[in-house]
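Report on one structure; see the data block that follows.
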Amino acid sequence: MRTLTTIFTYSFVLLLVACQPTEQSNNTNPETKEWSIALHGGAGAVSKDMPEERQQAYMESLEEALTIGAEILENGGSALDAIEKTVNYLEDNELYNAGKGAVFTSEGTNELDAAIMDGSNLNAGAVTGVTTVKNPISLARKVMTESRHVFFAAEGAETFADQVDVERVDPEYFYTESRYRSLQRALEREKQESSNLLETPEEKAWKYGTVGAVAKDKDGNLAAATSTGGMTNKKFGRVGDVPIIGSGTYANDQVAVSATGWGEKIMLSVSAHTLAAHYKYEGNDLKASMNYLVNEVLNPGDAGFIAVDKYGVFSMRTNTGSMFRAAIDSEGNKDVGIWED
Ligand code: GLY
């Protein structure tokens, strides 16, 4: 009788073990939000002394960008549409270093990078060094959907743009006086070792600035998009982290990530994919994965990130002091801000 009881107990325990999920999961999984979106407009070390009206202009534009994406998601639109249209708005707004408002290369040109990734099928599209495409993120999306390749560079990207329906502009369109002055100051600093031409607080934000958006839609699909002018005074043919899938941009069926900051550091740590891998294998806890990336993988001053996970939880973190950012989910949880709290 005793043997029978022991066998029964062991069988019951084995059955319980067999029924456990094989994927590591957080015991306190959050309730899934119907949809969620987060965006950034660059990370840096913006001074809190920024003039009030300038702050207001940033805050208003972040709100407007957020509303564009949130409305698409609320109406049942796809995560891809939401992030593309959100990024288009930021690309068209010269407050940000992407599209109109992009920083200048050392040669006085504007060379734009962008990438988009569809987490539902792991497809992606990217472009680097484009000079005549008004909204590089839309070209990146066409690379994803209308070519059999993932990444087009410079003249090749322009040739591809000739073959698809994207708005083209004269390179002059990207000229803005403030960014051009920043280039002149950067060139001057480079010439004089003891230059007293310090970077202005906003130059610090544009220096490696970027725009990006990540979202989860009502169908549960995740997507990420990032677009940038790169860094002021970048040299001949420099490619940053943004169009490198897994570095500045990544999405799968678990999490979508977009980076901003010092591209070389982001690339060397394959940041966006590192976050996704940590999330998948270390317990599906977005906050913990973000902490790991921002505090343990990267050094203070390197970069900021936005991410949305499969539960619709959003996270926005930087180790640079400030990041223009905004996020909202279907339950009305919302965060719009500039500085780290
Ligand atoms: N993170 C933008 C760049 O470094 O190009």
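FYI, it's all coordinate maths here, none of it is from the lab. Being a predicted model, the structure only gives us computed values, none of them experimental. Note that each Cβ is placed from the backbone with ideal geometry, even for glycine, and that neighbours are counted across all protein chains shown.
From Cα pairs below 8 angstrom and at least 6 apart in sequence, can you work out the relative contact order of the stretch 228-277, rounded to a whole percent?
On the way: 68 pairs, mean separation 17.6, N = 50.
RCO, the stretch 228-277: 35 percent.
In what sequence, highest mean first, do 218-226, 100-108 appear when ranked by Cβ atoms within 10 angstrom?
Numbers: 218-226: 25.0, 100-108: 20.8.
The peptides rank, most packed first, as 218-226, 100-108.
Starting from one equal scatterer on each C-alpha and no solvent at all, send me the Debye-based log10 I(q)/I(0) for the chain at q = 0.09, 0.14 Å⁻¹, two decimals.
-0.45, -1.02
Count charges around residue 256 for me, please; just the other residues with Cβ under 12 Å from its Cβ, Lys/Arg as +1, Asp/Glu as -1. Walk me through the numbers before you get to the answer.
Numbers: positive: 216, 310; negative: 118, 217, 253, 309.
Local net charge: -2.
Where does helix 52-74 land angle-wise versus the long Cα axis of the chain, in degrees 0 to 90, nearest 10?
The angle comes out at about 50 degrees.
For the chain, what's the relative contact order in percent, using C-alpha pairs closer than 8 Å and at least 6 residues apart?
26 percent
Let me have the 222 nm mean residue ellipticity of the chain computed from DSSP H runs of 4+ only, each contributing -39500 (n - 2.57), with the sum over all residues rounded to the nearest 500. Walk me through the numbers before you get to the answer.
Values: 10 runs with 120 residues, N = 341.
Mean residue ellipticity at 222 nm (helix-derived): -11000 deg cm²/dmol.
Roughly how many Å is it from the Cα centre of the stretch 56-101 to that of the stretch 243-284, as a whole number?
21 Å
Would you kindly state how much longer the chain becomes between residue 170 and residue 299 on full extension, computed as 0.36 nm times their sequence separation minus their alpha carbon distance, in nm to one decimal? Show your work: numbers first, answer last.
Numbers: separation 129, 0.36 × 129 = 46.44 nm, distance 3.88 nm.
This chain segment gains 42.6 nm when fully extended.
With a point put 7 Å past each Cα toward its Cβ, work out how far residue 236 is from residue 92 in nm, to one decimal.
3.7 nm
Per residue of the stretch 327-332, in order, report the coupling 6.51 cos²θ - 1.76 cosθ + 1.60 (Karplus, θ = phi - 60°) as ³J(HN,Hα) in whole Hz, putting x for Gly and Pro.
Rounded to whole hertz, the list is 7, 7, 10, 5, 9, x.
Roughly what % of Cα-Cα distances in the stretch 61-162 sit above 17 Å, to the whole percent?
Details: 2767 of 5151 pairs.
Of the Cα pairs, 54 percent sit more than 17 Å apart.
Give me the one-decimal nm value for the distance between modelled label points at residue 56 and residue 153, 7 Å along each residue's Cα-to-Cβ direction.
A separation of 4.6 nm, rounded to one decimal place.
Can you give the convex hull volume of the alpha carbon atoms of the stretch 218-341 per residue, in Å³? Walk me through the numbers on the way to the answer.
Values: hull volume 13.2 nm³, N = 124.
Once divided by residue count, the hull of the stretch 218-341 is 107 Å³.
Once a ≥ b ≥ c are taken as the square roots of the eigenvalues of the Cα gyration tensor of the stretch 241-296, is the result rounded (a/c under 1.5), prolate (a/b larger than b/c) or oblate (a/b not larger than b/c)? Intermediate results must be reported in sequence, preceding the final value.
Values: a/c = 2.31, a/b = 1.44, b/c = 1.60.
Oblate shape, in that a/c is at least 1.5 and b/c is the bigger or equal ratio.
Note the full-extension length gain between residue 31 and residue 189 as 0.36 nm times their separation in residues minus their Cα-Cα distance, in nm to one decimal. Let's see the in-between values first.
On the way: separation 158, 0.36 × 158 = 56.88 nm, distance 5.14 nm.
Working it through step by step, the gained length comes to 51.7 nm.
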